[in-house]
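Here's the structure, in structure tokens; my notes come after.
Every number here is computed from the coordinates shown, using simple stated rules; none is lab data. Computed from a predicted structure; not experimentally measured. Positions of Cβ are backbone-derived with ideal geometry, glycine not excepted, and every protein chain shown enters the neighbour counts.
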Amino acid sequence: MNSDVEKKDSQEENPYLLMGFWEFAIMSTLMIAFFPWSLLFCVIFYGLTETKYIVLAMLHDAVKTILAILFIVFTLVVVIGASVLIFAS
């Protein structure tokens with residue numbers, strides 16, 4: 001029985017992960033700007049499952065953004081550090 005539930009969950013796809021950049025940017029900005037009320041609105045009008053998908057998509061996007069920022073900062077530190085080491089001597 002557990003495998004049936006897992007199959008059903010794996011077959012369901014989060015439609016909010018498939019949204020375009022501007023659509024998702026506007027939606028997530030509005031969700032954050034009106035934070036407690038936006039979650040209440042989503043639960044009442046969309047239901048718990050859709051609200052869960054929205055929150056998971058926003059967390060997924062936040063993690064990707066943080067990793068991208070860390071990668072850029074790391075790359076800049078390595079390039080600047082290598083430049084200082086090369087040109088300092």
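When region 36-89 is filtered for residues that are surrounded by 10 or more Cβ atoms within 10 Å (Cβ to Cβ), among the polar types (S, T, N, Q) and farther than 30 Å from P15 by Cβ, the ones remaining, listed by number, are T75, S83.
Residues in region 12-35 that are surrounded by 12 or more Cβ atoms within 10 Å (Cβ to Cβ) and under 12 Å from D61 (Cβ atoms): N14, Y16, L17, M19, F24, A25, M27, S28, M31.
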